[in-house]
Amino acid sequence: MANDVDTVAYEVRDNIAWVRFNRPDKRNAMSPTLNRTMMQVLDELEFREDVGVLVLTGEGSAWTAGMDLKEYFRESEGEGLKGVRRSQRESYGWWRRLRWYQKPTIAMVNGWCFGGGYGPLFACDLAFAANESKFGLSEINWGILPGGGATKVAVELLPFRKAMYHAMLGEPIDGKTAADWGLVNESLPLADLEARVTEVAKKLLEKNPVALKATKDAVRRVGVMTYDDAEDYLVRAQEAANSYDPEGRKEGIRQFIDEKSYKPGLGAYDKSRS
């Protein structure tokens, strides 16, 4: 199934939702229309039974070049504070939604990823880039600081000195450097990118979906907690996951201990039998 809605396109194939920024003539810059549409698409896909993983990528030569300077900034600011706050809610809103999405998410960075694009980049659980892609915090070059959470993303994902250099110089880096610095998991030739992302998505589809959701939330939450707080949170998170999927954990243990049909260190249990 495929669908095109304004500035966002998506299709579902083999339980993977392929969502694309769809403004190739604007290097997929995020406009208020795109931000509103993306929230609608996330709503549509989040609890569909035929969707187990969501991949976010871009149409054409860019992932996203960041915020549309004309539509997001100049035109919104022309409406005064009301317009500015509305455009902020719409953009930060879908990034926040994506950070805590029900399904695992993968950023497939096929080209330019600049400025505001760091918001959805960080929101995705995993990220893979083409060697040919370009990453940059270019805001300093036109007189503002990296906003939209981009400064926080840089500090979260990069060592301090690299984050400072990246933000202050405004120089782009390629996909290989982005992987070396920690902005993405891996970088590989553009021709191989979709196949690798598909491979990872299929591995995620084999996992218990309740455990995946609990795990991705836990990784994001515990980073700002003390050890004792994190320990308590993780105990409660496992108990909550058990209440949503009381048989999944038991079936995994049964297949390992009783049947000896799989090894947890090498792969997932057969969740179709639980």
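The values are calculated or read from the model by the stated rules, or taken from the named source; none is laboratory data. Bear in mind the structure is a predicted one, so any value in this text is a computation, not a measurement. Please note: Cβ atoms are built from the backbone with ideal geometry, for glycine as well, and neighbour counts cover all protein chains shown. When the accessible area is computed, the model is the full protein with side chains, heavy atoms only, and any ligands, DNA or RNA have been set aside. Shrake-Rupley method; radii C 1.70, N 1.55, O 1.52, S 1.80 Å.
Some values worked out for this structure:
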read-out: Whichever residue in region 29-54 is in contact with a Lys or Arg (Cβ under 8 Å, 6 or more places away or on another chain) and more than 30 Å from K271 (Cα to Cα) and, among such residues, is modelled with the lowest pLDDT; value: P32
read-out: Selection count, region 30-45, where residues are under 16 Å from the mean Cα position of the chain (by Cα) and part of a helix (DSSP H, G or I); value: 7
read-out: D192, sole failed condition from (1) under 16 Å from the mean Cα position of the chain (by Cα); (2) part of a helix (DSSP H, G or I); (3) under 30 Å from E132 (Cα atoms); value: (1)
read-out: Options A237, A191, A195; residue that is at pLDDT below 95 and among the hydrophobic types (A, V, I, L, M, F, W, C); value: A237
read-out: Neighbours by Cβ (under 9 Å, 6+ apart or cross-chain): first from region 55-68, under 11 Å from G116 (Cα atoms) and in a loop (DSSP other than H, G, I, E, B); second of a type in the set (A, V, I, L, M, F, W, C) and open to solvent by 20 Å² or more (accessible area, probe 1.4 Å); value: A65/W112; A65/F114; G66/W112; G66/F114
read-out: Odd one out for S187, checked against (1) closer than 22 Å to R96 by Cα; (2) of a type outside the set (D, E, K, R); (3) open to solvent by 30 Å² or more (accessible area, probe 1.4 Å); value: (1)
read-out: Residue in region 203-221 that is acidic (D, E) and buried (at least 19 other Cβ atoms within 10 Å of the Cβ) present; value: no
read-out: Qualifying positions in region 104-141 - free of Cβ contacts under 8 Å to residues at least 40 places away in the same chain and over 26 Å from V53 (Cβ atoms); value: G136, L137, E139, I140, N141
read-out: Positions within region 154-173 being crowded, with 16+ Cβ neighbours inside 10 Å and outside any helix (DSSP H, G or I), in sequence order; value: L158, G170, P172, I173
read-out: Counted residues, region 11-25 - those being out of contact with any Leu (no Cβ under 9 Å at 6 or more places or on another chain) and more than 21 Å from Y101 (Cβ to Cβ); value: 2
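Residues are listed down the side, and each one gets a yes or a no for (1) modelled with pLDDT under 95; (2) closer than 20 Å to W94 by Cβ:
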| residue | (1), (2) |
| --- | --- |
| F122 | no, yes |
| G136 | no, no |
| N141 | yes, no |
| G148 | yes, yes |
| A154 | no, no |
| L158 | no, no |
| A163 | no, no |
| H166 | no, no |
| D174 | no, no |
